[in-house]
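The values are calculated or read from the model by the stated rules, or taken from the named source; none is laboratory data. Bear in mind that the values here come from a model prediction, so they are computed numbers and not experimental data. Glycine gets a Cβ as well: all are built from the backbone with ideal geometry, and neighbour counts include every protein chain shown. Just the protein is used for accessible areas: all its heavy atoms, side chains included, with ligands, DNA and RNA removed. Shrake-Rupley method; radii C 1.70, N 1.55, O 1.52, S 1.80 Å.
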Amino acid sequence: MSANERPSGQQQTGRTAASATADSAFLRACRREPVSHTPVWFMRQAGRSLPEYRKVREGIAMLDSCTRPDLVTEITLQPVRRHHVDAAIYYSDIVVPLKAIGLDLDIKPGVGPVIEAPIRTRADLDRLRPLDPDDVKYVTEAVGMLVGELGATPLIGFAGAPFTLASYLVEGGPSRNHERTKALMYGDPELWADLLDRLADITAAFLKVQIEAGASAVQLFDSWVGALAPADYRAQVMPASAKVFEAVAGYGVPRIHFGVGTGELLGLLGEAGADVVGVDWRVPLDEAARRVGPGKTLQGNLDPAVLFAPRQAVEAKAREVLDAARGLEGHIFNLGHGVLPTTDPDALTRLVEYVHTHTAR
Ligand SMILES: Cc1c2[nH]c(c1CCC(=O)O)Cc1[nH]c(c(CCC(=O)O)c1C)Cc1[nH]c(c(CCC(=O)O)c1C)Cc1[nH]c(c(C)c1CCC(=O)O)C2
């Protein structure tokens, strides 16, 4: 039985729904337990690849849509309905908690997050005040609505990791080389450590809100951390990310850690405190497992650009991922990074079906 054929939330009591969720293929794979099929979800599964998303977003700015529980719920559910993925990811953005504490920032279409006044000095740090759960009441409300609607399908909460958030804050927007960020990190290690520590607290508070409202797992997106060498990551970034993971450890929900271009960092991403390590397409999963070591589930790692190839090629590449994952303790099928905006949604639906069919046990 695939996720979509399970009874929906409305037909179940809260208690049965909660135990069915705990028993879902996604959460079982996170715990490295046997599964009926390899669970699948896609980073950025909600969003511009879906016509139904573009329709409900018409005339509404990205960050405004994130504060409306009705829209958040609808957009989060859209890919679950359409693709029958094994998990939902909460529709939001990594900069939402920063906006919630009052930073003047926006998401520019086709560009990404842009910060009006970048954070570069000790005085600027004062603008990074702690996040109060009351700053994000709409998140608590939306997560509650979603958990009711999702039934047995788990909801993944998420946040941006301190390094990736710092990069947007210090650069003022997206950056290819992260030069100002690195200048601060190498030039003023004390200020850098204080900046990351504040961001760790904000991130931890934001994840706690999602978990307390009912999220079944959390993913920490350190998308741009692959720009760092392992020694620098360990000394100047890992302590802050580890603080985030430690802050939510007591809830017992699986913690996923993801970054792009992190081949040399995979072991450290696990060591920071993750139960599941996300892998991009540059390292095959069997090799990634050697780098991460025992006791972790791996998530990934089909190249999102493969979805633009003909169906047979997509299936051959998906097969390669599944073959490399064969000996793993736990595997969650995903892309190596987010769904590209012009991806044909039908290719994603077919991919979910392919993975479910070819891993059914
Ligand atoms: C780096 C990062 C950001 N945001 C995020 C990351 C980490 C993941 C990654 O590495 O891709 C995380 C994110 N952003 C969004 C989600 C939604 C949930 C999901 O994965 O389905 C998630 C998990 C919605 C979004 N976040 C954004 C959109 C598109 C905005 C729109 O639809 O107008 C969506 C659906 C905007 C955004 N926000 C950001 C970027 C780079 C962009 C794209 C800018 C563009 O190309 O227009 C920052």
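Here is how the number arises for the chain: DSSP H runs of 4 or more residues each give -39500 (n - 2.57), the sum is divided by the residue count, and the result at 222 nm is -13500 deg cm²/dmol. Which FRET efficiency, nearest 0.05, do GLU116 and ASP70 yield, Cβ-Cβ r, R0 25 Å? About 0.30, to the nearest 0.05.
Rolled with a 1.4 Å probe across the full set of protein chains, the surface gives TYR138 an accessible area near 40 Å². When nucleic acids and ligands are ignored and a 1.4 Å probe is applied, HIS84 ends up with an accessible area of around 60 Å². So, with a 1.4 angstrom probe, what is the percent of accessible area on the chain that is carbon and sulfur? Whole-percent figure for carbon plus sulfur exposure: 51. Normalising the average separation of contacting C-alpha pairs (under 8 angstrom, six or more residues apart) by the number of residues puts the relative contact order of segment 277-361 at 35 percent. Residue separation times 0.36 nm, minus the C-alpha to C-alpha distance between ILE60 and GLU212: what's the value? Answer, rounded to one decimal: 51.9 nm.
For GLU52 and ALA313, the difference between the fully extended length at 0.36 nm per residue and the C-alpha to C-alpha distance is 91.3 nm. Residue ranges 173-185, 22-34 sort as 22-34, 173-185 when ordered by packing (mean number of other C-beta atoms within 10 Å per residue, highest first). Across the chain, the relative contact order, built from alpha-carbon pairs under 8 Å that are at least six residues apart, equals 21 percent. Heavy atoms of the protein chains alone define the surface here; on that basis segment 166-224 has 36 Å² accessible area per residue at 1.4 Å probe size.
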